[in-house]
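Comments concern the structure below.
Where a number appears in this text, it was derived from the coordinates with a stated rule and is not lab data. What you see is a predicted model, and the numbers here were worked out from it, not measured in a lab. Glycine gets a Cβ as well: all are built from the backbone with ideal geometry, and neighbour counts include every protein chain shown.
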Amino acid sequence: MRREIRFRLNGEPVSAQVAPHETLVEVLQDAFGLYGARESCAQGLCGCCTLLVNGRAVSGCLYLASLAQDAEVRTVEEGKALDAVQQAFIEASAFQCGFCTPGFVLMTRQLLDEIPNPTDDDIKHYLSGNLCRCAAYPEIIEAVKLAARKRNPS
Amino acid sequence: MSPFELAEPRTLSQALDLLDGEGARPLSGGTALMLMMKAGVFRPRRLVSLAKLKLEGIEPAADGGLRIGAMTTLRALERSDQAFPVLKRTLRTLANVRVRNVATVGGALAHADPHMDLPPLLSALGARVAIAGPGGGRSVPVEALYAGYLENTLKGNELITHLDLPPLGKRRAAYLKCTTRSADDWPSLGVAVMLDGDEARLFISAATDRPTRLAAAESILKTGDVKRAAEAAAEEVHIEGDLHGSAAYKKQLIRVYLARAVHEARNAVH
Amino acid sequence: MKRATQSTETPQVGRSVPRLESWLKVTGRAEYVHNLRLPGMLYGKIFRSTVAHGRIRRIDVSAAQAAGGVYRVVTGEDIRQLIPEPYFGPAFHDQPILALDKVRYVGEPVAVVLASDPHVAEEAAHLIVAQYDELPAVYDEVEAMTSEAIVHDTLKPAGTFPDLKHVKGKSGTNVALDFHLRRGDAPAALKKAERVFEHRFHTQQVMHTPLEPLVSVAESTESSLTIHTASQSPSFVRIEVARLLGWPENRIRVRVPFLGGGFGAKLYIKLEALVSALSLLTGRPVKVSLTMEEQFFTITKHPTTFRIKTGVTRDGRITARECEVWWNGGAYADIGPRVTQKSGFTAPGPYDIEHVLIDSYSLYTNRPPAGALRGFGIPQLVWAYESHMDIMARELGLDPIAFRRKNLLRDGRPQATGTVLRDVALDKVLDRLAVLMDWEKPFDRGNGTLRRGRGIAIGFKACVSPTTSLAAVNVSADGSCTVYCSTADMGQGSDTAMAQIAGEVLHMAAESIRVVHSDTDVTPYDMATLGSRSLFHMGNAVKLAAEEARDKLDVLRKELGLAADAEIGDIFKKKYGMQAGNVVGTGSYIPTYKSPDANGLTDNATPFWMVGATGVELEVDTETGRVRVTRMVNVGDVGTPINPKIVETQLSGASIMQLGFTLLEKMEFDGNGQLRNASLAEYRIPGFLDVPASLTSEAVVAEQRSGPFGGKGVGETGTFGVSPAIANALHDAVGVRITSLPISAEAVFEGLQGLRA
C-alpha cells in the first residue's frame, strides 16, 4: 500500500515511501529525522505539529502525507541562521519547556507575512490555536511585536 | 489509524463513481475527518480526495450574490474581498488559522457537527448548496442538509459542489456564539440572525443537534418585541444538557444571546 | 587564541541570562524522549480497564496476538514471571506495572501490545477482550472514609517513610495516611470564641497536561538496562527499578533530556517500570508514548474536601482554627500521603493562630491516581482558607487586606507546627500586592449587566523536607566549566540558574558553562525535580561543588607558585606540561530536619517557606454568569531572584495555569467512573484569549539566607492565591460565593438566580 511521494522539504527536493494513513508529521520524523513538528494533542488544537505546506500553516498531525505530493513543505528546521522571529522569541524569553515553540515560530512568521504590524488583538486571535501549557503567552505577545519591529525597522 | 486506500480523481464523475460502495468517503480539507479516523470512530476503506476537482473559487453570481466552490478554504473566504463582513467576523473565531487554511466550505457544511459556526449563519442568510450525484444535480437550502448530530442528508455518492449565497442587499445579519469554558472552546450556543425589514430569519445551533430555525421567535420579532421573541426562542426548541451546560442554562443563553444578536444585526454595518 | 572561558567580574546572579538552550528550542532541535527512535525498537500500546473496580476474570489476547505485525502481547501475569512482586510507588508499593488480580479505575493499564509499527500496535490493542467481575466502587473522598467499597485489600507502605510504618498490613480501610496536628486546644478555644465561622470547600480533579505526553524508552542486555525517560526524578527511577528487579543500581542507567513540561506529572515511576519489563521480556528496545488522552488515566491532581472552622474576636483577631482535609488520591497512592502531611500542616494558612487542630486524610478511591501538581496540595488548601478568610472579613465588616494583615505570621513567630518562620516575607508580599492593586483607590464597579469586582488572596508553602541533592562541577584544562546535576529542566530554567550559580562562584559567564543533563551513569544523585526544591537544594549543592573546584584551583596555584589571579589554563599547563587534566569539585546538600512528634509538632519542619499572593479584577456578565478576569497581579517571595526574567515568567505562567484550574478545567466523570472529557477538545486549558489583558508578576525584595546567593524556589508560588482571589473578586462583584472549583459560568448564574429569589 506504500507509494512514493515527492515534494520539496525546506527547499530540497525529496521523496519518501508513505502509507495512505500516515500523517505528514510522522513522515517528517520517521523518514527525515525532523522532530521540530511534534504531535501532542493529536487534534489540531495545540499547534505543536505546525508545518507550512505551500506557504500555509497546517496541523501536521491531521495532514495526510500523501497529500503533500508536489508540495513545498517547510519546517522550523529550515535555514541556518536565526530569523527575526526566532531572535525575538529568545530576547523576549517567550518559551519555557520549548515543546510548543516551533509551532509558535512558524505561526508567527505567517502572521507577520499577513499582518506586518499586528495589534495585541490580532496576535491573540491569530495564535489562539497554539497552546503553551507553561503559559508564556504574555512573553510571546512581546516576542511577536519585537519580531515585527525587527522585520520593519523604522 | 487503520489503513485505507486514497483515491485522487480528476473529474467529478470519476469521484462520484469512486464514492459508490461501502466504506468510501469524500475527503476535502480532512480536518474533521482525520479526527474521527484517529479516534477510531470512523474506519473508511477508501478516501476520495476532492483536491483535484477544481471546486475552489469565489465568484460573483448573476443575482449579485456569491457562488462559493465547495473546496474553497475557510481562510480564502475569510480573506476574500467579496465575503460579507458577517462571514469574515464569524470566520475569524472559527477553530484556528491552521484549520481554516485547510478546511473547506463544503466540508464544513457536510460534516454536520452542530457546534460549527457556518451552518446556522449560512442558513440564516438563505444560502443554498448545490449537490452533484449520479442522477444529476440538485440544490437545497443549507438547513435542509441536516438530519441530526453528525448526520447530513447527502446520499453516500453525492457531493456538494458549491454554495450559492444570495446578495445581502439591505438585509442585516449577525452571528454570535457563547463558549462556557475557554474562550475558544466549542460553543454552547451559536445564534444567527438575519433581518430583512420586519422579517427575520433566526437560527440556533450547538445547543441543538443541528441548525434549528426559530419560527415562533421569528413571528414574534415582527412585532419588534425582542424580549418576548427571545423567551419564545428558548421555549420552542428541545435542548439537552452536556458538558457545556445544563438544558436550563442553555435556554438562558438562548434568551440572552438571541436578544444580543438581534441588537447586533440591527446595528450591523455592511 | 580565544579562551574557552573568559574570567569575568560581572555578577552572574541577578542577571536575566537568556536560557542556555534557547537556540535549540527555537530551531526545534532540543532533545526530548519524544524524538527518540532506536534500531529494532518496538512500540507498546496500552490496553486499559473499562471498569472502575473489578476482579479480572479473563484477559483474551489471542486475536491481538494473531494480528499481522504484532510482536507480542504482554499482561500483568507475564510481568509477574519476570518480577515476582511487580508493585511500585514512592509512598506505598501499591501500583502494579500492569493490573494484577484486580482493576481499580477506568483507564488502568491491563495489557500491552508490542509491534514495530505503532499503528499496528494501536489497532491490535482494540482486539483484546477483558472480562471483570465488577465490585462496588467509591469515587468521593469523604465517602471513601466510611465506604464498604475497599480499593486495596491491605496497605503496603514502601518502608522508606518511617511515619507510614504503623499502617503496614492494615486492611478494610481506604485511608492511606492520616495526619493529625494539635497545637493548643482548638475545640476549647472555639467554644470561647466571640465569633465562629465554619465552611466547606471542594476542589475538582484536573490534569497537568504537559504538551509532551509521558514517554519512556528502555533498552536492555542480560545484565543492564538503559531507560530514556521524560522524568522529573531519574535517581528515584533508578533506585525503584533496581528494587523491582533485585539488581544493583549500577546496572541501571536513567537518561533524561529536556522535558516538554512536567508540573509534577513526570515524577516517580510512570512508564519506566513498564518499558523496563517489556524490554527485558522481549530483548528489544521498547518505547511507550502516551497520547494526550492517556495522560488523563495516568496522573492527576487531588480533588479535595476541606472543612474549616475559625474562632475570631469581634475586631478580627483569629484565636483558633480547625482544619479537616480529605485528599482524593485515586486508586494508587503515588505521592499523595506526602501531600497529605507535608502540605497538610500548612492548612491553617499563613496566620498566627494560638490554637490549631488539623486532621488530614489521604484516601484511596476508584479514580485515576492523583499526585503532585504545581503546588503539592497547597493551591487546594489556599482555595479554602483564603475564601474562608474573605467571607469572615465581610461578615466582620473588615477590609480583606487589613483583616489578613492583622493575623499574618511575622518572621520570628511559630507556624502551626511550632517551626519558627525565618526569611519569610509574608507582610512585604501582602503590602506590595495592596500597592500594585491600588487597593486604597476608588474602584469602578461597573453597571447594568456588567459588574466588576476585585479580590486578593495570599498563601504559603513549606518546601518538602528532608531531601538530598548532589552535584559535581568540572573545570577542564582550558578553563571551561561543566556542571553535572540530575535536576530535570522541564522549562523552569534550571540549567540556566545552575550555570549562573556556578558562574558566580567561579567568575565565569553563565553562558559559557555547560550543564549536563541527568544521566545516572554520570550525574550524581538528586531526590527529584519537584516542589520548587531544586533552586534551593541543587543550587546549594552546585554552589558547594563550584566552591570546592575553585578552592582546588587556588591550592594548585599556590603549589605551582602561580599568582593568585593566574588564568586557569596556565595552571594546568604548568602542572601537566600541556593542556591536560581537570579539576572536579563535588557538593552535597541536605537540610536539617526534625520529624513531627505525636501531636504533629516540630521546630524544624522545612528549610524554607515560599509566599505567593494574587490580586484579581474581573467582570461578570450578570445575564449569563460568565466571568472575565481583566487584571491579575502576582507577588511572591522568592528570596533573591537568581534570574529575574525567568522568575517573572515562572510566576506568570503558574498563575495562568491556576487560572485554568479555577475557571476552565475539570475532569468530568459519569456515575460509573468513566471520564467523559479525556481530550484537549473537551478538557480546555487556557489559551491566548483566556489570559487577562493586564498581568503583572513581581518578586519582592527578599533574601533566603540559607539559599544559594539568597535564592529559593519559585515554580509553584504563582499558583497559590489565584483561585480564591478570583472567587473573592466574584463575590465582590455580584455577591455570589462559589465554594467548589471550577467557577463555571453556570454556577455563577445559579448563584445570581439564588440572590434574586
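Strands (runs of 3 or more DSSP E) wholly in region B:105-161 with at least 2 residues that are under 12 Å from the mean Cα position of the chain (by Cα) - which ones?
In region B:105-161, B:128-133 are the strands (runs of 3 or more DSSP E) which contain 2 or more residues that are under 12 Å from the mean Cα position of the chain (by Cα).
Just a yes or no: is a residue in region B:90-98 in contact with a helix residue (DSSP H, G or I) (Cβ under 7 Å, 6 or more places away or on another chain), among the hydrophobic types (A, V, I, L, M, F, W, C) and more than 10 Å from every other protein chain (Cβ to nearest Cβ)?
yes
Give me the residue from region C:432-452 that is in a strand (DSSP E or B) and of a type in the set (Lys, Arg) and, out of that set, nearest to C:GLU617 (Cα to Cα).
Filtering first and then ranking leaves C:ARG452.
Would you check which residues across region A:71-116 are facing chain C (nearest Cβ under 10 Å), part of a helix (DSSP H, G or I), free of Cβ contacts under 8 Å to residues at least 60 places away in the same chain and not hydroxyl-bearing (Ser, Thr, Tyr) and list them?
The answer is A:GLN86, A:PHE89, A:ILE90, A:GLU91, A:PHE104, A:VAL105, A:LEU106.
Which members of region A:121-141 meet the condition of being touching a Phe, Trp or Tyr at 6+ places or on another chain (Cβ under 6 Å), within 13 Å of chain B (Cβ to nearest Cβ) and in a loop (DSSP other than H, G, I, E, B)?
A:LEU127, A:SER128, A:ASN130
Is it the case that region B:201-208 has a residue that's away from chain C (no Cβ under 13 Å), farther than 12 Å from B:ALA124 by Cα and of a type outside the set (Gly, Ala, Ser)?
yes
Residue-by-condition table, conditions (1) in a helix (DSSP H, G or I); (2) surrounded by 17 or more Cβ atoms within 10 Å (Cβ to Cβ):
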position: C:GLY418; (1), (2): no, yes
position: C:ARG422; (1), (2): no, no
position: C:LEU430; (1), (2): yes, yes
position: C:ARG454; (1), (2): no, yes
position: C:ALA472; (1), (2): no, yes
position: C:VAL475; (1), (2): no, yes
position: C:MET490; (1), (2): no, yes
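Taking strands (runs of 3 or more DSSP E) that do not extend beyond region C:577-663, which have at least 1 residues that are acidic (Asp, Glu) and more than 14 Å from every other protein chain (Cβ to nearest Cβ)?
Filter on region C:577-663 gives C:609-621, C:627-637.
Check region C:82-89 and report whether any residue there is within 25 Å of C:GLY371 (Cα to Cα), away from chain A (no Cβ under 14 Å), in contact with a Lys or Arg (Cβ under 8 Å, 6 or more places away or on another chain) and not in a strand (DSSP E or B).
The answer is yes, given that some residue of region C:82-89 is within 25 Å of C:GLY371 (Cα to Cα), away from chain A (no Cβ under 14 Å), in contact with a Lys or Arg (Cβ under 8 Å, 6 or more places away or on another chain) and not in a strand (DSSP E or B).
Out of region C:696-716, which residues are among the acidic types (Asp, Glu), over 15 Å from C:GLN492 (Cβ atoms) and under 23 Å from the mean Cα position of the chain (by Cα)?
Within region C:696-716, just C:GLU698 meets the criteria.
Does region C:195-202 include one or more residues that are farther than 28 Å from C:THR662 by Cβ and either assigned to a loop (DSSP other than H, G, I, E, B) or touching a His at 6+ places or on another chain (Cβ under 9 Å) (or both)?
Among the residues of region C:195-202, not one is farther than 28 Å from C:THR662 by Cβ and either assigned to a loop (DSSP other than H, G, I, E, B) or touching a His at 6+ places or on another chain (Cβ under 9 Å) (or both), which makes the answer no.
Quickly run through region C:6-45 and pick out the residues that are touching a residue at least 12 places away in the same chain (Cβ under 8 Å), β-branched (Val, Ile, Thr) and within 14 Å of chain A (Cβ to nearest Cβ).
C:VAL17, C:VAL33
Pull up region A:23-44, narrow it to residues that are in a loop (DSSP other than H, G, I, E, B) and more than 8 Å from chain C (Cβ to nearest Cβ), then point me to the one that is nearest to A:GLY55 (Cα to Cα).
Only one residue tops the list, namely A:GLY44.
Output the number of residues of region B:218-239 satisfying the condition of being within 24 Å of the chain's Cα centre (by Cα) and within 14 Å of chain C (Cβ to nearest Cβ).
Final tally of qualifying residues: 3.
I'd like to check something: does region B:103-123 contain any residue that is within 14 Å of chain A (Cβ to nearest Cβ) and free of Cβ contacts under 8 Å to residues at least 12 places away in the same chain?
Within region B:103-123, not a single residue is within 14 Å of chain A (Cβ to nearest Cβ) and free of Cβ contacts under 8 Å to residues at least 12 places away in the same chain.
Out of all the residues in region C:665-686, which are of a type in the set (A, V, I, L, M), within 12 Å of chain A (Cβ to nearest Cβ) and surrounded by 19 or more Cβ atoms within 10 Å (Cβ to Cβ)?
C:ALA678, C:LEU680, C:ILE685
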